[in-house]
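Trainee: Supplied in structure tokens, the structure appears directly below.
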Amino acid sequence: MKPGRVGAILVSLVVGAGLVLVAHVGTGERGLPHPEKADCGGCHLAGAAVNKQNAAQLIRSQEELCVECHESAMRVSHPSGFPVSRELLAGFPLDWKGDLTCSSCHVVHEKPRNRLRSRETGRDFCLSCHVRDFFERMKDGAESLLDSGHFAADQRPGVELDAYSLKCMECHAEQASLPGLSVRLTGNVARHMGSSVNHPVGVSYRRAEQFGGYLPGTLLPAALLLPQGKLACVSCHLGYSESHGELIVESGRLCFECHDL
């Protein structure tokens, strides 16, 4: 998996430095217009009178504004909206209060959409702020992080698996190159190689609720994602984390996050 949680777990990932990489969508996951075509007052306090001097005065934080369109990119991504304890390279601006934000690495209003503030991409872009040792000490050598700062993929028509699980299976298929991390799919069941753990993926949680024995979706923890309303790899595992494959909660509690037993 080339990768999740924006919060305390990932803050430790970026203490002292950080960046947000290219998003996987241009017009927004909900089909809404990108900022260059939107009403300025939707983000800027000055509305149509916005200029270089008052542009930083937003009606809400950048993270709250961006998540309106880029919901999954914000939930399963490199963290954003936190103070940075050391100076970043020139060209990666912090906001007025010293926080790293989406626009620290993205140029929001210029084409092409979501343009990075560097010609570098992938691993080289990460190394603009992070030292190499930072990644090398991670469980999988950061292979899950260095592809993009937003763990997501496009949904493929006619495929039942959600976009996240499809992305996971790019590496975690039966011939996965990472030893001990393979997953084999049999129908809609993910079989974790080398263990007795099997779990359905790509199935509707709401449909499962109707049969009883499951907690209502409204009571599930925020870290338990149901992309497109489906059980997915990221329902149990953090999709973007320095501890690759980490469970959203300890294994002894995990099953009871959904199952009403």
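Please treat every number below as a calculation from the coordinates, not as lab data. The structure displayed is predicted, hence computed values, not measured ones. As a convention, Cβ positions derive from the backbone with ideal geometry for all residues, glycine included, and neighbour counts pool all protein chains shown.
Trainee: Which loop trypsin sites (Lys or Arg not before Pro) in segment 56-112, with loop taken from DSSP, have no more than 15 other Cβ atoms within 10 angstrom of their Cβ?
Mentor: Details: sites: Arg60, Arg75, Arg86, Lys97; in loops: Arg60, Arg86, Lys97.
Here the sparse-neighbourhood loop sites are Arg60, Arg86, Lys97.
Trainee: Continuing with this model, one more query. Could you give me the ³J(HN,Hα) list for segment 82-95, computed from phi with Karplus coefficients 6.51, -1.76, 1.60 and θ = phi - 60°, whole Hz, x at Gly and Pro?
Mentor: 9, x, 9, 8, 9, 6, 8, 5, 4, x, 10, x, 8, 7
Trainee: Also, quick follow-up: Among the GluC sites (Glu not before Pro) within segment 61-100, which fall in a DSSP loop and have no more than 15 other Cβ atoms within 10 Å of their own Cβ? Display every interim value, and only then the final one.
Mentor: Numbers: sites: Glu63, Glu64, Glu68, Glu71, Glu87; in loops: Glu68, Glu87.
Loop-located and lightly packed - Glu68, Glu87.
Trainee: Given the Cα-Cα distance of Glu136 and Arg60 and 0.36 nm per residue of separation, how much length would full extension add, in nm? If you can, show how the numbers build up before the last one.
Mentor: On the way: separation 76, 0.36 × 76 = 27.36 nm, distance 3.65 nm.
Here the segment from Glu136 to Arg60 would lengthen by 23.7 nm.
Trainee: State the Cα centre-to-centre distance between segment 66-130 and segment 211-261 in whole Å.
Mentor: Distance between centres, Cα-based: 28 Å.
Trainee: Fully extended, how many nm does the chain gain between Glu246 and Cys40 (0.36 nm per residue separation, minus their Cα-Cα distance)?
Mentor: Numbers: separation 206, 0.36 × 206 = 74.16 nm, distance 4.00 nm.
Length difference between fully extended and current span is 70.2 nm.
Trainee: Give me the number: length gained by fully extending Val197 to Gln228, i.e. 0.36 nm times residue separation minus the C-alpha to C-alpha distance, one decimal in nm.
Mentor: Numbers: separation 31, 0.36 × 31 = 11.16 nm, distance 2.35 nm.
Gain in length upon complete extension: 8.8 nm.
Trainee: Which aspartates and glutamates, on any chain, are close to Lys167 with Cα under 15 Å apart, when same-chain ones fewer than 8 places away are left out?
Mentor: Glu143, Asp147, Asp154
Trainee: Two decimals is fine: what is log10 I(q)/I(0) at q = 0.15, 0.19 Å⁻¹ for segment 36-91, from a Debye sum with one equal scatterer on every Cα and no solvent?
Mentor: Debye output, listed in q order: -0.58, -0.86.
Trainee: Out of residues 5 or more away from Ala190 or on other chains, whose amide H comes under 5 Å of its own, with H placed 1.01 Å from N in the peptide plane?
Mentor: For Ala190, whose amide H was placed from the backbone, the distant partners under 5 Å are His199, Val201.
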